[in-house]
Protein chains: 2
Amino acid sequence: MPPKVLPTIHHRQQVASSKLFRIESLDLEFSNGVNRQYERMQSSGRGAVMMIPFIDEQTFLLVREYAAGTHSYQLGFPKGLIDPGETPEQAGNRELMEEVGYGAKSLTFLHSMSMAPAFFNSKMTILIAQNLFSESRVGDEPEPLEVVHWRVDDIPNLLAQEDFTEARSIAALLLMEKWLRS
Amino acid sequence: MPPKVLPTIHHRQQVASSKLFRIESLDLEFSNGVNRQYERMQSSGRGAVMMIPFIDEQTFLLVREYAAGTHSYQLGFPKGLIDPGETPEQAGNRELMEEVGYGAKSLTFLHSMSMAPAFFNSKMTILIAQNLFSESRVGDEPEPLEVVHWRVDDIPNLLAQEDFTEARSIAALLLMEKWLRS
């Protein structure tokens, strides 16, 4: 099959906005002549990072954090937005200090992923953090995050946890497991 | 550590809306007394399904579909919202007929996952679809989706594809790989 010809964007317009979100509508014409109106979130342009911190060869760290979307506490890997001027590694180290109280001497690129590209233009870089050292920084969290230690040989049990459901954390966990084996 | 006490929602209010999205703000008080305003997407209450269809024991199917958020074509597993009154399996079969031109005699639950629970309350059920039979239904797609065949022994190459980046598709792929081994 030949490479796909992208739809033409005939018009785009912001249709709603709040403190955090800006929604825009797109008038699209697909290459077969079909016209459709789509909606998407306008991107801030800032990427995000997610870290898998290893406190020793057999043990990694998770955080349990309040999630407003589900109004529940959720278990996952520490993560955050990249600030302007930061590299993913710098953002990763800052977020680790803010969320788990460690810096990392070694940050290794694992994978890059997106979230629901039908609606968002967000890119998240997954980093393996090793050679940790104690260092805390004050972030913007309303309360300290619960830090949870998990053993590599207990990954099946993590996948079975009711509060470990976020697709990006599941993907990062299984990519890390592959990386450990390689 | 004792079970986390959820923040109290003192006030919630819709602050923006469009055809597809409704954004609400929450006035929260955390259990330590800290007050914060958060924003989240109001949920439609409809779950979603994602299917991994096997055309034979060694080959599964993907679709390449236009993603407005990134304005690019993206490779991933067929997926869609569950219509009112449908079970996940019924929605899965309908979406398969609409997106890849097959029904499935067998649909097996693989996993359930969420997407960015900090902002969304969306639950996606991942199903393995087997014993496929040809049957097409007309969906709401503006153009036919490109259906891509992929071999199980070529999964590393799929993970390396530039247009296979969606966290839920990556998580589903790696969970399926585990399921095949078990």
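Numbers at a glance
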| read-out | value |
| --- | --- |
| Members of region A:102-140 that are of a type in the set (A, V, I, L, M, F, W, C), buried (at least 21 other Cβ atoms within 10 Å of the Cβ) and part of a strand (DSSP E or B) | A:ALA104, A:LEU107, A:MET113, A:MET124, A:ILE126, A:LEU127, A:ILE128, A:ALA129 |
| Residue, nearest to the chain's Cα centre (by Cα), within region A:96-124, restricted to residues that are within 14 Å of chain B (Cβ to nearest Cβ) and farther than 23 Å from A:ARG40 by Cβ | A:HIS111 |
| Residue list for region A:31-43, filter: surrounded by 13 or more Cβ atoms within 10 Å (Cβ to Cβ) and either more than 9 Å from every other protein chain (Cβ to nearest Cβ) or at positive phi (or both) | A:GLN42 |
| Search result, residues across region A:10-30 that are part of a strand (DSSP E or B), within 7 Å of another protein chain (Cβ to nearest Cβ) and either β-branched (Val, Ile, Thr) or surrounded by fewer than 16 Cβ atoms within 10 Å (Cβ to Cβ) (or both) | A:VAL15, A:SER17, A:ILE23 |
| Sole exception among (1) assigned to a loop (DSSP other than H, G, I, E, B); (2) more than 14 Å from every other protein chain (Cβ to nearest Cβ) for B:GLU143, by number | (2) |
| Restricting region B:151-171 to residues that are touching a residue at least 12 places away in the same chain (Cβ under 8 Å) and more than 30 Å from A:LEU28 (Cα to Cα), the residue that is farthest from the other protein chains (Cβ to nearest Cβ) | B:ARG151 |
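Here is a yes/no grid of residues against (1) charged (D, E, K, R); (2) under 29 Å from A:VAL34 (Cβ atoms):
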position: B:LEU132; (1), (2): no, yes
position: B:GLU143; (1), (2): yes, yes
position: B:TRP150; (1), (2): no, yes
position: B:ASP153; (1), (2): yes, no
position: B:ALA160; (1), (2): no, no
position: B:THR165; (1), (2): no, yes
position: B:ILE170; (1), (2): no, no
position: B:LEU180; (1), (2): no, no
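Each reported figure results from applying straightforward, stated rules to the coordinates on display, with no laboratory input. Keep in mind that this is a model prediction, so the values were computed, not measured. Positions of Cβ are generated from backbone atoms using ideal geometry, with glycine treated the same way; all protein chains shown enter the neighbour counts.
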